[in-house]
Every structure is written in C-alpha cells, then in structure tokens.
Amino acid sequence: MNHRRVAIGIVVTGLALSAPVAGAGFAAAAPASEGCHSGTRVPTSDPNTYDSCIAGEWGNLRQCPPFTVVDQAVDGDVRCVSR
C-alpha cells in the first residue's frame, strides 16, 4: 500500500488516532470491488476493525484504539466506542 495515500487518507478522514492493520488487504475488505465513494467507512467481520474507501478503493483497513470496538452509527458512518 502506498504510504503517501495512507497519510492523505488519514488527514482527509480525520482518523489521526487510527492505525493501519498490519498484513491486511483486499481479502478482508468490505462491499464491492468495483469502487466506492471516498470517505465511506464500513465495519468488517472483526469487531475492532473497519474498512475505509480512499480514492475509490476499498482495502484501507483501520483498527480502533485499545478498549474500543467498531459501531455502525445511525448516519451510516462507523465510530470506535468503548466496550
């Protein structure tokens, strides 16, 4: 994964506290592989990880900080909330 794209994605989506999941890739990515709307975030099967769309591509997995889990918000976004 291009480190510059990751850095830009973190700044754009305001995820300064999130870190990429080591070794993660498209195998664990969410929805369709034909593209997505940049900035969209969806939960994965792991309760501590969510996928974000950057430049029309899924596979930008992020992990919630320790002692938090991913929660699907009413507005369709995801949040890291206390366990």
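The numbers here are math on the coordinates, done by the rules we state, and not lab data. The model shown is predicted, which means the values in this text are computed figures rather than measured ones. So basically every Cβ, Gly included, is an ideal-geometry build from the backbone, and we count neighbours across all protein chains shown.
Peptide packing for 71-77, 52-58 was compared via the average number of neighbouring C-beta atoms within 10 Å per residue; ordered from the highest value, the list is 52-58, 71-77. Along the axis of the charge dipole computed for segment 34-83 (Cβ charges of +1 for Lys and Arg, -1 for Asp and Glu, origin at the Cα centre), the listed residues Val74, Trp58, His37 are led at the positive end by Val74.
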